[in-house]
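The values are calculated or read from the model by the stated rules, or taken from the named source; none is laboratory data. Just so we're clear, the structure is a prediction, and the values are computed from it rather than from any experiment. Here Cβ is always computed from backbone atoms with ideal geometry, including for glycine, and neighbour counts include all displayed protein chains.
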Amino acid sequence: MLKCKEVVDRADALVDGTPLSWREHFALRMHLLMCHHCRRYVRQLHALVTSLNGKNTPPASDEQVQGILDKLDHEH
Ligand SMILES: [Zn+2]
């Protein structure tokens, strides 16, 4: 099981679409399912990245975070 700090360390890759190994991705996904704190972190990071990209959008919903994860799944 990942620690929160390890999830935070990998959250950049998750949000900007850097490929992770399926093992890492699976571990992240499991952690995010159980950890409200990290879900919120990923959401906020996603909102930040999106705003840096020039799109003024509200923080991603849980569904959107799930969508990011699903998209990553499909890229493997
Ligand atoms: Zn956590």
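Anything in the range 27-61 that is more than 15 Å from the ligand (Cβ to nearest atom) and out of contact with any helix residue (DSSP H, G or I) (no Cβ under 6 Å at 6 or more places or on another chain)? List them, or say none. Spell out how you get there, then give the answer.
Pass one, the range 27-61, residues more than 15 Å from the ligand (Cβ to nearest atom): 46-61.
Listed by number, the residues that qualify are Ala47, Leu48, Thr50, Ser51, Leu52, Asn53, Gly54, Lys55, Asn56, Pro58, Ser61.
Right, Ala47: under 23 Å from Met1 (Cα atoms) and part of a helix (DSSP H, G or I) or not? When the stated conditions are applied, Ala47 does not pass them.
Filtering Asp73, Asp9, Asp16 for residues that are surrounded by fewer than 17 Cβ atoms within 10 Å (Cβ to Cβ), modelled with pLDDT under 90 and within 16 Å of the ligand (Cβ to nearest atom) leaves a single hit, Asp9.
Within the range 1-18, being farther than 20 Å from Gln64 by Cβ and not in a loop (DSSP other than H, G, I, E, B) holds for Cys4, Lys5, Glu6, Asp9.
Restricting to the range 30-46, what's the tally of residues that are more than 9 Å from the chain's Cα centre (by Cα) and β-branched (Val, Ile, Thr)? Matching residues across the range 30-46 total 0.
Name the single residue, out of those in the range 19-58 being β-branched (Val, Ile, Thr) and surrounded by fewer than 17 Cβ atoms within 10 Å (Cβ to Cβ), that is nearest to Lys71 (Cα to Cα).
Taking the range 19-58 and keeping what is β-branched (Val, Ile, Thr), we get 42, 49-50, 57.
Then keep just the ones that are surrounded by fewer than 17 Cβ atoms within 10 Å (Cβ to Cβ); that gives 49, 57.
Working: Val49: 17, Thr57: 19 Å.
Filtering the range 19-58 for residues that are β-branched (Val, Ile, Thr) and surrounded by fewer than 17 Cβ atoms within 10 Å (Cβ to Cβ), the one nearest to Lys71 (Cα to Cα) comes out as Val49.
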